[in-house]
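Any read-out appearing in this document is the output of simple, stated calculations on the displayed coordinates, not a laboratory observation. This one's a predicted model, so the numbers in the text were calculated from it and none came from an experiment. Note: ideal-geometry Cβ built from the backbone for every residue, glycine included; neighbour counts use all protein chains shown.
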Amino acid sequence: MKHYIFMLFLLPACNIFCQPWYSKMIDPFDGKQEFATILQPDHDTLLIRVSTVCDLNSNNQCSIIGKYNTTDGQFSDIQRFENIQTGRKCLIVHNDKLLLSSEESPTFDKITLSSISKFTLQYDTTIPLKITDDRYFSYTIKKAIEFNNKFFIGCQALDNQTYINYPGWQNYQENAVFFVLDEHLQTDTILILPPSSGAHLRIEDIATGPDSILYVSFFEKYLQSDVPAPYLEIRKVLYGYDRHFNRVFQWTGPNLDFQESWACLAIGPDSIIYINHKRDFRSYLLAMKPDGAVQWECLLDTTIGWNLYNIRRLKVADNGDIIGAGIISSVTDELGESGFLFRVSPQGQLKWKRAIRVNKGFDPTIPQIFPYETGLEDLTELANGDLIAVGDVRKYVGNSLPDGPYNYDIWVVRTSGEGCLWEDCAYIQDIVTKDNYQTVVTPLNEWVVDWIHPTPGWPAEIRKYTFSADSVLKDGKYYRELIYSKNMSGGPWIPEGVFFREENGRTYKWLGNNTEQRIYDFNFGVGDSLPGADMNQATRYVTQVGSMQLLDQIPRKFIELNSDCGVTRWVEGIGEVEDFLYSAVFCSLWDGMPMHIRCFNTNGQLIYQRPDISGCYTSSNKEMELTVARVYPNPGSDFLIFETANETPITSLVIYNSFGEKVLSMNHPLPQNNGLDVSILPPGFYTGEVYFTAKKTGVFKFVIQR
């Protein structure tokens, strides 16, 4: 069986849930507006560059570099560089050096290129870059790349002698600029590329192909002068340069609208050029031959809703597929702003597309007007086909300044080659953002239910249910058996003959013959659905996802579902909150046999009680007044300490194993320290009864681990 890990990583703490696909939220510093800009593979290490606000008062930015090991999933050598400011998609790995270009924020009057040791992340030197002609000012870094043993630093520079006084711009002309440096980091050439007519020629992406051509994509805002009322129009432009900086390729796209996303580039091993574009508000991936002829177009936004797909990165996978990452802005399917990944075949077929978002429903303190917003800025493919992407998460931090109302943190996502965080992933994948997921299938959970006999006329019963302490191997997977008792004080436990398992927030019921049925999925988001297992079961659709608190005050995710059978609600750690494991025959179209929950306990603590009953521990004849005796450490190993109200002495006790068998009894008072030696008991789950001098009975439960 393959195991999966889902991780939420809040440095310095690390909480592990499943493997090897996961999401991590990383906030290792002061949490002041951090943006992931780019990652670069280096053997089994990924280098991630982050721009962050160093000083909120001056809005000055600095850079952070972190090493992420793809084998053990750990970060190391995280360094912050106050003298290297913002740099966008600029990180070059060259021999034993890392080269980071940056701009002087917030003045933008010069740019620099800094050298850092790749091995130690120690700062080396910084080289200033500037056009000697003073007419050019306000530099903005776009992207850097190594080509033909030279380093191309792409940026923008405004021209203070050329003012464009047209509606929609009314600013100085913005020129594309390349600083070309040799291997000694000395300036070799400066290329200044003005727009053909009008406002700006803005660098968007740079890529190199096997034909030794440097391809650069631009946005050009130019004067549309061949119309009765001249105005500025936007279009994409793609140039190709040889090693002598001669333009050997040019492609001009159609006129665009304001919805156009970044012009991202990827070059295939056969020199096919891939670039994204929009037409009629629809997002496409375009494949061009080296001569500029269009080979195919692939429509990306074919799924649900009206979504704006803003692609941030394109890359050619090892098998020739084109993979991409970016941000979805949605107005119809409640995605908000979410990260997304997609994969297109070399023939232009969309293989899959996944929306990956942070589910804010785990945090009830976040006002609705400040939802999480997520996006993915860069991605890479690992040798085993997994994908890793980096991006930003907007997180609500409160209304107190200077931190509030929200902040940006770094986000790292690892998926399978199919873009899945989970097995059988849906189109929308939620990221768990709470520290501890509350499990359903565990012997620490205990229900008291009204059990109705399936034969009419038979009397109802009150039963207590839990799960077996020991797992049972069936068809290569481990399940826990459902067990019950008619004795409210615990035991003997009777096997129900029904088996469940839980993995990655999903609960499964074993059906036999190597088959199982998924009955809960706490990764669901709005728009996802859970189909029935057969014709007698209706499909349920998720209509709401949120957070709620029960008696223990722990925020738990809830998912509300609707179908022809009405509305039901799942609660993390319990399942169906009103009917005991009712989802095993969920939303049945025939008259089922629900077992209504009276109360629910976790590790001896009452967390849910049905409002219409007076107590939890009941029999069919009378209420039983029971006192809970707490034990610690729990889980324990060889010795237990009992804690009772007002230090009431315990006169005797009895302990049962998970099958209701009496395994230990004591008919004399405990020592003054209320301690008990349980070293003779094997590891497992136990319940027991204690008796006090006042003839009252107490119950307790504990787990032995060694």
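Values of log10 I(q)/I(0) for the stretch 140-207 across q = 0.15, 0.16 Å⁻¹ run -0.52, -0.57, by the Debye formula with one identical scatterer at each alpha carbon and no solvent.
Charged side chains reduced to their Cβ positions (Lys and Arg at +1, Asp and Glu at -1) give the stretch 28-180 a dipole of some 240 debye around its Cα centre. A straight chain from Asn319 to Glu560 at 0.36 nm per residue would run longer than the Cα-Cα distance by 82.7 nm. Simple spin-label estimate for His94 and Asp270 gives 3.4 nm between the two label positions (7 Å along the Cα-to-Cβ direction from each Cα).
With r defined as the distance between the Cβ atoms of Leu185 and Gln40 and R0 fixed at 22 Å, what FRET efficiency is calculated, to the nearest 0.05?
0.75
Gain in length, Gln295 to Asn667, computed as 0.36 nm per residue apart minus the alpha-carbon separation, to one decimal in nm?
125.3 nm
Between Arg282 and Gln544, the modelled label-to-label distance comes to 3.7 nm, taking each label 7 Å out from Cα in the direction of the beta carbon. Computed across the stretch 479-559, the Kirkwood hydrodynamic radius from all distinct Cα-Cα pairs reaches 15.3 Å.
So the label point goes 7 Å from the Cα of Lys351 along Cα→C-beta, right? Which residues of the stretch 269-283 then have their backbone N under 17 Å from it? Counting backbone N atoms under 17 Å from the label point, the list is 269-270, 274.
Placing one equal scatterer on every Cα of the stretch 205-290 and applying the Debye formula, the log10 ratio I(q)/I(0) at q = 0.18, 0.25 Å⁻¹ is -0.79, -1.22.
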